[in-house]
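Accompanying notes for the structure given below.
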Amino acid sequence: MILWTIQNEKAYKSLEEKGTLMSFWSNILDDDFLYAYDWMRIQMNQKIGNPPKNDCYPIWAWYQYEGIRKRPDMRQNTHSYNHTKEKIYLLTIDIPSEEVLLSDFDNWHYVLNNYYLSSYWQDMEYSQEEKEKSWQLIFDITCSFETSNDQKSLSTQATMWQIKKEWIVKIEEFWTR
């Protein structure tokens, strides 16, 4: 499966040196998202298997960007980075599909914000268990909500436990602005 992942220079150098890139909590910048990332780790365990190391966190990539199976356009300002003038790498990788969990990028934000995910607006209180059950909808990458007819903008993200050097098809360097 062809995917595109954006990595900073530290991550890329680690991949080059070690032959494998894995992510750990120290690589994640916002403690507010710990619950969501831990939830995604549980989903990955159930759907694609255990990580190579117990303390691994997901590595993120794009499967489909804005409705099209193509690499992200790095000229757009939709990619956020910590620093300006930072060297980043867009890696095209060919990874075995059984090592990838696909999910809807926009609906992932319901998990990040700890909201109930529904195809229609409901101003109600939900238990954490009900919210987490609703989050399974992020794995519906067909954009099947009745109210959502905008396939053109559907972006599908991919998570994996690791990237192996031999999976790299293409490396592109960019500088953030």
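Quick notes on this structure:
- Residue count for the range 153-177, restricted to those that are over 19 Å from the mean Cα position of the chain (by Cα) and under 14 Å from PRO58 (Cα atoms): 0.
- In the range 91-113, the residues that are surrounded by fewer than 18 Cβ atoms within 10 Å (Cβ to Cβ) and over 14 Å from the mean Cα position of the chain (by Cα): THR92, ASP94, PRO96, SER97, GLU98, ASN113
- Residues considered: LYS133, LYS85, LYS47, LYS53. Of these, the only one that is basic (Lys, Arg) and at pLDDT below 80 is LYS85.
- Identity of the residue in the range 96-142, in a loop (DSSP other than H, G, I, E, B) and touching a strand residue (DSSP E or B) at 6+ places or on another chain (Cβ under 6 Å), that ends up farthest from ILE6 (Cα to Cα): ILE141
- Leading residue by the ranking (nearest to THR159 (Cα to Cα)) among those in the range 25-72 that are in a loop (DSSP other than H, G, I, E, B) and acidic (Asp, Glu): ASP55
- Extreme residue, farthest from GLU98 (Cα to Cα), among residues of the range 136-177 that are polar (S, T, N, Q) and modelled with pLDDT of 90 or more: GLN136
- Filtered residue count, the range 89-126, keeping only those that are small (Gly, Ala, Ser) and modelled with pLDDT of 90 or more: 2
The values are calculated or read from the model by the stated rules, or taken from the named source; none is laboratory data. Just so we're clear, the structure is a prediction, and the values are computed from it rather than from any experiment. Positions of Cβ are generated from backbone atoms using ideal geometry, with glycine treated the same way; all protein chains shown enter the neighbour counts.
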